[in-house]
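Here's a structure for you.
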Amino acid sequence: MRSEQETIRAIERYSDTVRRLCMIHLKNNADTEDIFQTVFLKYVLSSVSFENDEHERAWFIRVTINACKDLLKSFFRSHTVSLDNIIERSTELPSDYRDVWEAVFSLPQKYRDVVYLHYFEDYTAPQISRILGKNVNTIYTLLTRSKQMLREKLGGGYEYE
């Protein structure tokens, strides 16, 4: 079990990343908060020894993505409709950002993950391949295809690099 100081440091460092990943996968605040607590509880109870900060960050990303996938596969989740899906929340964002976020959220999950990690968390393709456990060439392919899908959704007027 980790100390209170280690836990506070981890929450300060990784809370934004965990929340953003959850929102990308789950698209609602209630489930995001549940997974947020689950991830940090796993951290507190974990005895994993990290080689460096990058290893620790990758662990948080992997655990968050797995927890989101587990929730999405659950019976309860597949037989309910979230209130956040009913209430349109994107009206709070400026229209340029809203369009981009909606386009990213509408991508299939495998593309959404790599787009988020590359453009929002500034990971390189080799780093993403290690985090997601996929071949680096697969990551490059997913990024290329996701950029094409975003160009089609957004009308080609946006630059992504």
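The values are calculated or read from the model by the stated rules, or taken from the named source; none is laboratory data. A quick note: this is a predicted structure, and the numbers were derived from the prediction, not measured. Cβ coordinates were reconstructed from backbone atoms using ideal geometry, including for glycine residues, and neighbour counts include every protein chain displayed. For the accessible areas, the whole protein counts, side chains as well, though only heavy atoms, and no ligand, DNA or RNA atoms are used. Shrake-Rupley method; radii C 1.70, N 1.55, O 1.52, S 1.80 Å.
Within the range 134-152, work out how many residues are within 17 Å of the chain's Cα centre (by Cα) and over 15 Å from residue 109 (Cβ atoms).
The qualifying residues number 0.
If residue 9 meets every condition in (1) farther than 24 Å from residue 110 by Cα; (2) in contact with a Phe, Trp or Tyr (Cβ under 8 Å, 6 or more places away or on another chain); (3) modelled with pLDDT of 95 or more apart from one, which number is that one?
Result: residue 9 passes all but (2).
Let me spell it out: the conditions are (1) modelled with pLDDT under 85; (2) loosely packed, with under 13 Cβ neighbours inside 10 Å; (3) assigned to a helix (DSSP H, G or I), and residue 137 meets all of them except one. Which number is the exception?
Evaluating residue 137 over (1) modelled with pLDDT under 85; (2) loosely packed, with under 13 Cβ neighbours inside 10 Å; (3) assigned to a helix (DSSP H, G or I) leaves (1) as the failure.
Any idea which of 96, 122 is surrounded by fewer than 13 Cβ atoms within 10 Å (Cβ to Cβ), modelled with pLDDT under 90 and closer than 20 Å to residue 59 by Cβ?
After ruling out the rest, the residue left standing is 122.
Restricting attention to the range 28-41, which residues are closer than 29 Å to residue 126 by Cβ and touching a residue at least 24 places away in the same chain (Cβ under 8 Å)?
35, 38, 39, 40
Related question: Could you list, in sequence order, all residues of the range 99-110 that are at pLDDT 85 or above and open to solvent by 20 Å² or more (accessible area, probe 1.4 Å)?
106, 108, 109, 110
How many of the residues making up the range 53-83 are open to solvent by 40 Å² or more (accessible area, probe 1.4 Å) and either part of a helix (DSSP H, G or I) or at pLDDT 95 or above (or both)?
Here the count works out to 17.
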